[in-house]
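*Asks:* Supplied in structure tokens, the structure appears directly below.
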Amino acid sequence: MIDVLVVGGGPVGLVAAIHAARQGLQVTVVEPRTSPVDKACGEGLMPDALSRLRRIGVDPPGMPIRGIRYRDGRREAVAHFSGEPGRGVRRTALHAALAERVRDLGIAVVAATAGDVVCGSGRVEAAGITARYLIGADGLHSAVRRALGLDARPAGRRRFGVRQHFDAAAWTDLVEVHWLSDAEVYVTPVDEHVVGVAVLGEPPLDLPAAIARVPELAERLADARPVSVPRGAGPLRQRSSARRVDRALLVGDAAGYVDALTGEGLRVGFAEAEAAVDAIVAGAPELYERQWRSITRSYRWLTTGLVWTTSRRWLRPTVVPAAHWQPAVFARIVDRLAY
């Protein structure tokens, strides 16, 4: 019987596995997809997320990100990170760097799905593997969350995301967020000659149409060649009734997700992965629920509030002007989400 079975080999699952191995635990990762695993996301690593990766020996290639810019066609608001910069990183490059670290540590990766999850008698079993503990890190539509009976019906409107990359020279060291009347368009430099563009909103989503609605962005990308296929994700809002059943713990999107609007999903997920392993090492998995609430509090409150505001047609147009006229407040909020 191994110590920890991690179900889900995305970035958060691999970070959990690395933390466990560094603590001297025997770990196996279950992941049906081949490496590197891609996903529709904004690909901007907040400074805290990048710092957490470096502490476990992972330093993925990418472009420095020094802050956030909001634009609505008339006004803009810019907030620079107060400390170290973040980084724009292709999801495939991030996963490849994490997978290399997993191999260096000798962590076993099994190509399989979780199947039924059975808890009890001081052990957890999934994918035909028995472990002392299980960490579910299998994403928005977590099979582990469902198997544990922790799925909770999400409230509010259903938002989705679509992302694609373009062969265009990076023109900024900021994540640009262009606010449309019914969606947000994110631009993140991930290489000197590649930018990722994502649109978030309610369906149907049309990325080329969204780009066309931002004249300056459409002009910059007019001759740019797509270098990836469009990828979608959603519904983004996911809820779990709890983050633990017996010796099975949920981390990352599997533990619940509000929205990608604030761009800190990986920062939060990496912190959850570390907290889950710490609780396991302490032999007290019940501690993780309280830690999860502390780790996610600012993300849940700020992101929920922003999504609520932007879903009201009469309030949505006030977001960028408010950030423009209150730059110190905007900077404090961005820093709260970044570190």
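The values are calculated or read from the model by the stated rules, or taken from the named source; none is laboratory data. A quick note: this is a predicted structure, and the numbers were derived from the prediction, not measured. So basically every Cβ, Gly included, is an ideal-geometry build from the backbone, and we count neighbours across all protein chains shown.
*Asks:* Output the residues belonging to segment 97-130 that are of a type in the set (Asp, Glu) and under 16 Å from ALA20 (Cβ atoms).
*Replies:* Restricting attention to segment 97-130, the residues satisfying the condition of being of a type in the set (Asp, Glu) are 100, 104, 116, 125.
Of everything in segment 97-130, just one residue is of a type in the set (Asp, Glu) and under 16 Å from ALA20 (Cβ atoms), namely ASP104.
*Asks:* Looking at (1) free of Cβ contacts under 8 Å to residues at least 24 places away in the same chain; (2) in contact with a Phe, Trp or Tyr (Cβ under 8 Å, 6 or more places away or on another chain), find the lone condition where THR318 falls short.
*Replies:* (2)
Residues are listed down the side, and each one gets a yes or a no for (1) in contact (Cβ under 8 Å) with a residue 12 or more places away in the chain; (2) surrounded by 24 or more Cβ atoms within 10 Å (Cβ to Cβ); (3) under 24 Å from ASP191 (Cβ atoms):
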{"residue": "ILE65", "(1), (2), (3)": "yes, yes, yes"}
{"residue": "ARG75", "(1), (2), (3)": "yes, no, no"}
{"residue": "PRO85", "(1), (2), (3)": "yes, no, yes"}
{"residue": "ALA97", "(1), (2), (3)": "yes, no, yes"}
{"residue": "ILE107", "(1), (2), (3)": "yes, no, no"}
{"residue": "THR113", "(1), (2), (3)": "yes, no, no"}
{"residue": "GLY122", "(1), (2), (3)": "yes, no, no"}
{"residue": "GLY136", "(1), (2), (3)": "yes, yes, no"}
{"residue": "VAL144", "(1), (2), (3)": "yes, yes, no"}
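*Asks:* What helices (runs of 4 or more DSSP H) completely inside segment 251-339 contain at least 1 residues that are of a type in the set (Phe, Trp, Tyr), modelled with pLDDT of 95 or more and more than 23 Å from the chain's Cα centre (by Cα)? It would help to see each step written out before you state the result.
*Replies:* Details: elements: 265-281, 287-310, 319-325, 327-338.
The helices (runs of 4 or more DSSP H) meeting that bar are 319-325.
*Asks:* Please indicate, with yes or no, whether at least one residue in segment 148-156 is basic (Lys, Arg) and at pLDDT below 95. Before you say what the answer is, go through the steps one by one.
*Replies:* Step one: of segment 148-156, the residues basic (Lys, Arg) are 153.
Among the residues that remain, those that are also at pLDDT below 95 are: 153.
There is at least one residue in segment 148-156 that is basic (Lys, Arg) and at pLDDT below 95.
*Asks:* On to the next question. Checking THR28 against (1) in a loop (DSSP other than H, G, I, E, B); (2) under 30 Å from ALA127 (Cα atoms); (3) of a type outside the set (D, E, K, R); (4) over 18 Å from the mean Cα position of the chain (by Cα), which single condition isn't satisfied?
*Replies:* Condition (1) is where THR28 drops out.
*Asks:* Answer yes or no: is there a residue in segment 172-193 that is more than 30 Å from HIS324 (Cβ to Cβ) and either among the polar types (S, T, N, Q) or part of a helix (DSSP H, G or I) (or both).
*Replies:* There is no residue in segment 172-193 that is more than 30 Å from HIS324 (Cβ to Cβ) and either among the polar types (S, T, N, Q) or part of a helix (DSSP H, G or I) (or both).
*Asks:* Given (1) within 20 Å of the chain's Cα centre (by Cα); (2) at pLDDT 95 or above, where does GLU202 come up short, assuming only one miss?
*Replies:* Just one mismatch for GLU202, condition (2).
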